[in-house]
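Peer 1: Submitted below is the structure of interest, expressed as structure tokens.
The values are calculated or read from the model by the stated rules, or taken from the named source; none is laboratory data. As the structure is a computational prediction, the values presented were derived from the model and not from experiment. So basically every Cβ, Gly included, is an ideal-geometry build from the backbone, and we count neighbours across all protein chains shown.
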Amino acid sequence: MPVSGLSPYDDANVFARILRGEIPNRTVYEDEWVLAFHDISPQAPTHVLVIPKGKYVSFADFSAKASDAEIAGFTRAVGKVAQALGLEEPGYRLIANMGEHSGQEVPHFHMHIVGGRPLGRMVPLA
Ligand code: AMP
């Protein structure tokens, strides 16, 4: 079910539970700002999620309220993870779903890193 990207933060969301260690994940990278792990339902040969450790519901929330250090730490980590996954040379796609029209399902901001094959159109034809 798509969620609003503007709701108050829900501590029971699945990524909050992953950050607390209550649900297992396949970690690919972690630092003081982010956790990156394999998507449980990959849409391409490589599909990794990068999430900030701070409590942000969506990109709208993160971009408005995160500190400059959090935003820089997050952005640099996304680039570092994509590079470590070997995706720079063939290329990759970043996706951040925000709110109902995007189909955002988990109300903790996350960036999808998707690659490993040609990815086709940026947005499917309706
Ligand atoms: P979004 O639609 O942008 O909110 O994407 C949420 C993503 O989280 C989907 O691609 C799911 O497959 C993924 N996901 C949901 N639960 C888990 C989990 N426990 N571990 C890893 N990925 C998950």
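Peer 1: Residue by residue through the range 27-41, note down the ones that are more than 8 Å from the ligand (Cβ to nearest atom) and within 24 Å of LEU119 (Cα to Cα). Show your work before the answer.
Peer 2: First pass over the range 27-41, keeping only residues more than 8 Å from the ligand (Cβ to nearest atom): 27-36.
Within the range 27-41, THR27, VAL28, TYR29, ALA36 meet the criteria.
Peer 1: Taking the condition within 14 Å of the chain's Cα centre (by Cα), at pLDDT 95 or above and among the acidic types (Asp, Glu), does GLU22 pass? Before the answer, list the steps.
Peer 2: Working: within 14 Å of the chain's Cα centre (by Cα): no; at pLDDT 95 or above: yes; among the acidic types (Asp, Glu): yes.
For GLU22, the condition - within 14 Å of the chain's Cα centre (by Cα), at pLDDT 95 or above and among the acidic types (Asp, Glu) - is not met.
Peer 1: Hey, another quick one. Out of (1) part of a loop (DSSP other than H, G, I, E, B); (2) over 13 Å from the mean Cα position of the chain (by Cα), the odd one out for ARG17 is which?
Peer 2: Of everything listed in (1) part of a loop (DSSP other than H, G, I, E, B); (2) over 13 Å from the mean Cα position of the chain (by Cα), ARG17 misses just condition (1).
Peer 1: From the set of residues in the range 13-28 that are free of Cβ contacts under 8 Å to residues at least 24 places away in the same chain and touching a helix residue (DSSP H, G or I) at 6+ places or on another chain (Cβ under 7 Å), which is surrounded by the fewest Cβ atoms within 10 Å (Cβ to Cβ)?
Peer 2: Among them, the one singled out is ILE23.
Peer 1: Now a separate question. Looking only at the range 52-68, which residues are free of Cβ contacts under 8 Å to residues at least 24 places away in the same chain and assigned to a helix (DSSP H, G or I)?
Peer 2: Within the range 52-68, the first condition is being free of Cβ contacts under 8 Å to residues at least 24 places away in the same chain, and the residues that meet it are 54, 63-68.
Correct list: SER63, ALA64, LYS65, ASP68.
Peer 1: Still on this structure, I have one more. Looking only at the range 29-63, which residues are farther than 20 Å from GLU105 by Cα and surrounded by fewer than 19 Cβ atoms within 10 Å (Cβ to Cβ)?
Peer 2: Selection gives TYR29, GLU30, ASP31, GLU32, PRO45.
Peer 1: Can you pull out every residue in the range 85-114 that is within 19 Å of VAL28 (Cα to Cα), within 8 Å of the ligand (Cβ to nearest atom), in a loop (DSSP other than H, G, I, E, B) and touching a residue at least 60 places away in the same chain (Cβ under 8 Å)?
Peer 2: HIS110
Peer 1: Does ALA72 fit the bill of being away from the ligand (no atom under 11 Å from the Cβ), surrounded by fewer than 12 Cβ atoms within 10 Å (Cβ to Cβ) and not in a loop (DSSP other than H, G, I, E, B)?
Peer 2: On the way: away from the ligand (no atom under 11 Å from the Cβ): yes; surrounded by fewer than 12 Cβ atoms within 10 Å (Cβ to Cβ): no; not in a loop (DSSP other than H, G, I, E, B): yes.
Taking the combined requirement at face value, the residue does not satisfy it.
Peer 1: Give VAL78, VAL123 a once-over and let me know the one that is at pLDDT 95 or above and within 17 Å of PHE59 (Cβ to Cβ).
Peer 2: After applying the criteria, what remains is VAL78.
Peer 1: OK, next. Can you pull out the residues in the range 93-121 that are surrounded by 20 or more Cβ atoms within 10 Å (Cβ to Cβ) and over 23 Å from GLU70 (Cα atoms)?
Peer 2: If the condition is that a residue be surrounded by 20 or more Cβ atoms within 10 Å (Cβ to Cβ) and over 23 Å from GLU70 (Cα atoms), then GLY115 is the only one that fits.
Peer 1: Look through PRO24, PRO118 and report the one residue that is out of contact with any Phe, Trp or Tyr (no Cβ under 9 Å at 6 or more places or on another chain) and either among the polar types (S, T, N, Q) or near the ligand (Cβ under 9 Å from one of its atoms) (or both).
Peer 2: Details: PRO118 fails: either among the polar types (S, T, N, Q) or near the ligand (Cβ under 9 Å from one of its atoms) (or both).
Just one listed residue meets the conditions, PRO24.
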